[in-house]
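Some notes on the structure that comes next.
The values are calculated or read from the model by the stated rules, or taken from the named source; none is laboratory data. Bear in mind the structure is a predicted one, so any value in this text is a computation, not a measurement. Cβ atoms come from the backbone with ideal geometry, glycine included; neighbour counts cover every protein chain shown. Ligands, DNA and RNA are excluded from the accessible area calculation, which covers all protein heavy atoms including side chains. Shrake-Rupley method; radii C 1.70, N 1.55, O 1.52, S 1.80 Å.
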Amino acid sequence: MELKKMTDRDLLFFDADWSTKEQVIENLVDSLYKNGNIDSKEAFFQAVMDREKLSATGMEAGLAIPHGKSTAVKKAAFAVAKLKTPVADWESIDPTNEVKLVFLLAIPDAEAGSTHLKLLSELSTRLMDPTYLKGLYEANDAESFLAALDHVNKAEEPVVTPAANGPKKKVLAITACAAGIAHTYMSAEALEKAGRELGIDVKVEKQGANGIEDEHLAAQIKEADAVIFATDIAPKGMERFNGKPYIRTKVAQPLREAKQMIERVLEKPDGTVNVNDEMSESKEEKKGFFSEMAAAILTGISYMIPVIVSAGLMIGIAKLGAMPFGLVQTINEPEFATHSNSLLVILHHLDKFGSMIFKFMYPVFGAFVAYALANRPGLVSGFIGGAFAAGLHFTFWGVEDGVASGFLGALVLGLTAGYVSKIANEKIKLGKNFQAMKPMLIIPAISVLSVFFLNFYFVDPVFGALNLWLTNVIAAAESSGALFLSSIIAGATAFDLGGPINKAAGAIAIGLAADEIFPLTARVLAIVIPPIGLGLATVIDRYVVGRRVFEADLRVAGNTSLLLGFIAISEGAIPFMLRNPLLTIPLNIIGAIIGACTAVILGAVQWYPLPAIWGWPLVENVWAYLIGLIVGAGFIAFSNIFIRFALIKRKERKAIS
């Protein structure tokens with residue numbers, strides 16, 4: 001199959017008048033959707049933009065290769081744009097790069113080893129050849145461009161004679177990026193080419209969308225002088241290289257510094273691979289204490305969320321199934337376990353199953369907080385710390401009225417488990433014959449004992465008492481306490497639309513709900529109010545207001561934001577926040593607080609983490625919930641229109657004067 005069969009005339013654009021990276025990607029995504037290569041513009045666009053956050057997709061010589069891996073891609077393909085005006089601010093490995101030629105690669109989420117993916121990797125490799133790239137630039141219509149795609153320069157590589165003063169050095173490398181196509185193969189090509197020019201034998205294992213290609217054999221590893229890990233994700237099989245000098249970099253770095261990297265790994269490596277140490281970060285990239293801690297907490301939250309969602313779905317399905325019987329609030333009562341209606345028995349056990357899944361929330365959180373700090377040695381003690389925080393130990397100790405330490409306890413115990421495991425791993429030195437005892441016996445014993453004593457003497461007494469006090473305060477404060485807490489949770493949730501502050505607020509809110517202290521009403525409303533409010537603003541702007549206050553691209557983004565809001569994806573509102581953060585963020589926060597407090601005052605209660613439209617029937621007093629949603633979204637919509645209109649008028653008055 002030829003490369004030209006991976007694209008189409010309708011996917012090629014010449015002299016495209018698109019001025020920003022987002023506009024280029026949006027238009028190319030749209031062309032892939034119209035051509036039938038993807039089944040969701042929004043999902044694939046989000047996948048591409050998520051990939052953009054990881055590392056630069058701008059290269060050099062005017063080239064950019066944005067790409068995304070997504071289940072929305074039906075068949076691997078690429079779209080191309082030659083821009084009328086270069087985009088100067090496209091993040092690139094060459095800081096002076098002005099993007100003129102863009103290849104957007106659409107990568108299926110699961111099609112490893114397919115012909116299509118192999119061709120995309122072949123395209124990425126060919127684009128490293130200046131002669132090949134020159135031929136693409138010279139093509140000014142679809143016919144000549146398609147011909148240039150499959151015109152490969154057959155010139156032989158220059159022959160390099162190894163240094164006369166010894167045998168040829170051998171360097172192994174692994175390249176891997178999140179999507180597993182463009183950077184993975186381009187970096188591999190850059191390293192191999194640099195090796196040929198230096199007279200050094202460089203072999204690269206690609207860990208990409210096609211699986212592991214050119215896997216290093218045991219004999220090659222044994223003979224290797226050093227190893228380079230150029231990866232944006234954790235490389236697979238690092239233990240194979242134990243004892244070898246190494247350096248570790250981002251996957252894009254070989255595209256600019258391949259020769260320097262090869263020389264550096266041979267002369268001044270970052271260290272020696274030790275799978276028990278899990279290759280701690282190089283000095284240049286080492287994080288500070290607080291940033292390391294914050295990253296560990298976010299890692300724990302990201303792994304905890306699927307547990308919460310699965311538990312919520314089980315309970316949600318049970319409650320929805322019980323609705324026709326009018327038993328939403330009582331389906332979990334014991335008498336339903338032996339009910340004559342077998343459907344109600346199933347729904348009862350499904351509801352109980354969901355509640356059981358919730359008990360694993362803190363153990364998973366604690367385990368992966370510790371894992372982020374200490375890797376595998378921290379998993380066990382982190383999991384046990386999370387189990388303490390969930391109150392599972394009370395069952396074994398026979399404590400009937402014990403109050404679990406909850407999220408704060410899981411946070412403290414997870415961090416403790418991680419740091420104790422990390423320090424023990426770094427400080428304890430054993431002989432070669434006893435090395436295996438460290439991760440299997442010594443570190444778990446030390447870290448688990450540390451977690452046990454900390455929990456027994458500090459975490460349970462302090463945070464258990466804090467949770468009990470908070471419960472009593474909220475109960476005593478009645479509406480004023482509930483409104484204050486609702487305001488804090490709603491404002492933090494709406495602040496950065498899925499960012500770290502949002503996630504932190506979510507973790508606290510879910511922890512309070514899991515401990516049956518405070519419902520999730522404010523949290524779930526604050527997730528959907530900003531995207532629905534901003535989407536509604538663009539609809540009003542388009543069909544009601546005579547004077548347009550939103551730019552054309554934001555009006556298009558508004559449709560997406562409105563749809564994503566109903567399915568609880570707040571990130572749909574991010575384009576508005578990025579365009580005008582000083583206006584959008586405060587209005588989002590105020591709107592979320594007003595809407596959440598309105599719903600709480602009117603009596604809406606939602607205990608389950610189901611903010612999407614299908615979770616609304618599970619809300620107690622759903623009409624109050626919907627009124628709060630309308631009030632909050634309406635505030636955001638109309639305040640955006642009025643303020644933007646006033647800003648436009650003020651700008652016009654200044655221009656006249």
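Assorted remarks:
- When R555 is tested against (1) open to solvent by less than 60 Å² (accessible area, probe 1.4 Å); (2) touching a residue at least 24 places away in the same chain (Cβ under 8 Å), exactly one condition is not met: (2).
- Checked against the criterion of being assigned to a helix (DSSP H, G or I), in contact with a helix residue (DSSP H, G or I) (Cβ under 7 Å, 6 or more places away or on another chain), of a type in the set (A, V, I, L, M, F, W, C) and within 23 Å of F358 (Cβ to Cβ), the candidates I529, I510 yield just one match: I510.
- Meets criteria (at pLDDT 80 or above, open to solvent by 70 Å² or more (accessible area, probe 1.4 Å), more than 22 Å from the chain's Cα centre (by Cα) and closer than 25 Å to L441 by Cα) for V412: no
- Number of positions in the stretch 1-48 that are over 25 Å from E91 (Cα atoms), part of a loop (DSSP other than H, G, I, E, B) and open to solvent by 50 Å² or more (accessible area, probe 1.4 Å): 5
- Test: residue in the stretch 53-68 that is assigned to a helix (DSSP H, G or I) and either of a type in the set (D, E, K, R) or within 22 Å of the chain's Cα centre (by Cα) (or both): yes
- Residue check, A77 hydrophobic (A, V, I, L, M, F, W, C) and open to solvent by 20 Å² or more (accessible area, probe 1.4 Å): no
- Here W614 does not fit the description of being at pLDDT below 90, open to solvent by 50 Å² or more (accessible area, probe 1.4 Å) and not in a helix (DSSP H, G or I).
Residues are listed down the side, and each one gets a yes or a no for (1) of a type in the set (A, V, I, L, M, F, W, C); (2) within 27 Å of the chain's Cα centre (by Cα); (3) not in a loop (DSSP other than H, G, I, E, B):
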| residue | (1), (2), (3) |
| --- | --- |
| P306 | no, yes, yes |
| S310 | no, yes, yes |
| A318 | yes, no, yes |
| F336 | yes, no, yes |
| L343 | yes, no, yes |
| I357 | yes, yes, yes |
| F368 | yes, yes, yes |
| A372 | yes, yes, yes |
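- Some residue of the stretch 385-403 being open to solvent by 40 Å² or more (accessible area, probe 1.4 Å), closer than 30 Å to M238 by Cα, of a type in the set (G, A, S) and modelled with pLDDT of 80 or more: no
- Taken over the stretch 305-364, the criterion of being at pLDDT below 75, open to solvent by less than 70 Å² (accessible area, probe 1.4 Å), of a type in the set (A, V, I, L, M, F, W, C) and farther than 29 Å from F407 by Cβ is satisfied by L327 alone.
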